[in-house]
Amino acid sequence: MEKEQYQEYVKQITPVHNTGLNVLRAFLTGGAICTAAQGISQFFQSQGMERDAASAWTLLTLILASVILTGLNLYPGIVKFGGAGALVPITGFANSVSSPAIEYQKEGQVFGVGCKIFTIAGPVILFGTLASWALGLAYWLMANISF
């Protein structure tokens, strides 16, 4: 295949993205998730919960909804439409933890779910935990050791 033919072939198979449309979809999807979260929080507060308790219950509700939508194979469609708008909120994190577990469920509880549940989210959890520990130690050292 000649260079020109190859370039034409690459141009044909390379997906074309509309950045403006992708940004709009992400904005609408993320906005819809955040609006739903605000509505859930307002509902819990109207039932007499304090703001902090309502926030905690809102997070739990969003995580549960994301896991259920992932289990019903609906969340991937939301992600395909909304891109980062569906992946960035806590719902996307819940999806990234639950989807490998659901996918590898047929391999058993230990080697399937147990080994694969943190395939995607594991490095994020590990880095967050280690970075928090290191920064906490540095803060403690700076606060308790006089130079």
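Output yes when any residue across the range 25-44 is aromatic (Phe, Trp, Tyr) and over 19 Å from the mean Cα position of the chain (by Cα), and no when none is.
For the range 25-44, residues aromatic (Phe, Trp, Tyr) and over 19 Å from the mean Cα position of the chain (by Cα): present.
Among the numbered criteria (1) buried (at least 18 other Cβ atoms within 10 Å of the Cβ); (2) at pLDDT 90 or above, which single criterion is violated by Gly136?
Condition (1) is where Gly136 drops out.
Counting only residues that are over 26 Å from Thr61 (Cα atoms), β-branched (Val, Ile, Thr) and part of a helix (DSSP H, G or I), how many does the range 1-50 have?
Total satisfying the criteria: 4.
Out of (1) at pLDDT below 75; (2) assigned to a helix (DSSP H, G or I), what's the single condition that is false for Phe118?
(2)
For the range 21-41, check the following and say yes or no: at least one residue is over 18 Å from Ile90 (Cα atoms), of a type in the set (S, T, N, Q) and loosely packed, with under 13 Cβ neighbours inside 10 Å.
Checked the range 21-41: no residue is over 18 Å from Ile90 (Cα atoms), of a type in the set (S, T, N, Q) and loosely packed, with under 13 Cβ neighbours inside 10 Å.
Please go through (1) surrounded by 15 or more Cβ atoms within 10 Å (Cβ to Cβ); (2) closer than 30 Å to His17 by Cβ; (3) out of contact with any Lys or Arg (no Cβ under 8 Å at 6 or more places or on another chain) for Ala54 and return the number of the only condition it doesn't satisfy.
(2)
If the requirement is being surrounded by 13 or more Cβ atoms within 10 Å (Cβ to Cβ), closer than 28 Å to Val79 by Cβ and modelled with pLDDT of 70 or more, which of these qualifies: Ile102, Ile125?
Checking each option against the conditions leaves just Ile102.
The values are calculated or read from the model by the stated rules, or taken from the named source; none is laboratory data. Just so you know, these numbers come straight off a predicted model, no measurement behind them. Please note: Cβ atoms are built from the backbone with ideal geometry, for glycine as well, and neighbour counts cover all protein chains shown.
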